[in-house]
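K.L.:
I have a structure I would like to understand better, so I am pasting it below and will then ask my questions one at a time.
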Amino acid sequence: MSALSVFHLFSLAAIWGGSFLFMRIAAPVLGSAWLVEFRVGLAALFLTLVAWFLKKPVSFRRHYKHFLILGLFNSALPFWFFSYAAQTLTASLLSILNATAPIWGGLIMSLWYREKLTYKAILGMALGVLGVSILVGFDGVITQQGSLLSVFAAIGAAFSYGIATTYTRSAVSVDAFNNAYGSMWAATLWIIPLLAFYPIQGEPDLTIVSSVIALGVVCSGIAYLLYFRLVADIGAAPTLTVTFLIPMFGVMWGALLLDEPVGWHTLAGSLVVITGTALVTDFSPKVLLKGFNR
């Protein structure tokens, strides 16, 4: 793996870890639906401009069914669930719960394709449940009204990512840029019906507007370009390393910029969750080393 790829990998983890920070800032004011609509809408416009600038052919109509499915489970639903949860939960907790996505993906794939789970995968899933229990059970925020529903919403977001992963395993073959472009426009369409039921809850200031722009352009548009560039450069398996790095940045941004407390349960819970994720995905440092040799 080249120094540039390492930089891209850590940049992607930092950006996606920062997305929970921006959601935590903007969600209490904009509400879940409007925040997601602004996020995916800005990302779609950004990717359209990139396509125009690079003279890259894009098409929504040709694979619109594929984009609608991908946009629903990989963007609209998880972004909405996380934005709802961000009104109550800390950015740190959200970023760690996000790391359970591969665990749900492994479980869904096993059920959908009727594949027998290995003992390692079962142990990983058990550790994932234990890690979430440690995080939630010892976090003071759980005592707040509506916090338990927010935890389930965040887990639902990770579960949705698991569905998207399972779907893409047998989905039609579409190039990476068109997947990002089409899914963002599809997500924009999916969220529109929710806007009337989830009105903006306050008056956005410069901080809120900046957070929304960062979510749309940086955490969605640029992040997707970085992600697909990494997959092309070092392969899908080494790129999976970003899953293990995101909680580190999520906790760091929350502590530094929002003064979120980092207790023993945060560190212990995140370590257990990440270990469980590594077992379910059968991740090995050897895979990453292979990427370094490319």
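The numbers here are math on the coordinates, done by the rules we state, and not lab data. A quick note: this is a predicted structure, and the numbers were derived from the prediction, not measured. Note that we place each Cβ from the backbone using ideal geometry, even for glycine, and neighbour counts take in every protein chain shown.
K.L.:
Compare the Cα positions of Val174, Gln145, Phe20 along the charge dipole of the chain (+1 at Cβ of Lys, Arg; -1 at Cβ of Asp, Glu; about the Cα centre) and return the one farthest towards the positive end.
P.N.:
Ranked along the dipole, the leading option is Val174.
K.L.:
Further question on the same structure: Gaussian network model of the chain, Cα springs within a sub-10 Å range: biggest mean-square fluctuation belongs to which of Leu240, Leu256, Leu89?
P.N.:
The residue with the greatest mean-square fluctuation here is Leu256.
K.L.:
Select from Phe159, Phe82, Phe53 the residue whose mean-square fluctuation is largest in a Gaussian network model of the chain (Cα-Cα springs shorter than 10 Å).
P.N.:
So, out of Phe159, Phe82, Phe53, the one fluctuating most is Phe53.
K.L.:
Taking the Cα centre of segment 3-292 as the origin and placing charges on Cβ (Lys, Arg +1; Asp, Glu -1), which of Ile246, Ser11, Asn74 is farthest toward the positive end of the dipole?
P.N.:
The residue sitting most towards the positive pole is Asn74.
K.L.:
Also, quick follow-up: Order these by the 10 Å Cβ neighbour count, fewest first: Phe138, Phe81.
P.N.:
Listing Phe138, Phe81 from fewest to most nearby Cβ atoms yields Phe138, Phe81.
K.L.:
If each residue's Cβ is checked for other Cβ atoms within 10 Å, how do Glu260, Glu203 rank with the fewest at the top? Let's see the in-between values first.
P.N.:
Numbers: Glu260 21, Glu203 7.
Taking fewest neighbouring Cβ atoms as first place, the list is Glu203, Glu260.
K.L.:
Could you list Val218, Val231, Val36 in order of exposure, starting from the residue whose Cβ has the fewest other Cβ atoms within 10 Å? Could you put the intermediate results ahead of the total?
P.N.:
On the way: Val218 19, Val231 15, Val36 32.
Starting with the residue having the fewest Cβ neighbours, the order is Val231, Val218, Val36.
K.L.:
OK, next. How large is the dipole of the chain about the Cα centre if only Lys and Arg carry +1 and Asp and Glu carry -1, each at its Cβ, rounded to the nearest 20 debye?
P.N.:
On the way: 15 positive and 10 negative charges, 226 e Å.
It works out to roughly 1080 debye.
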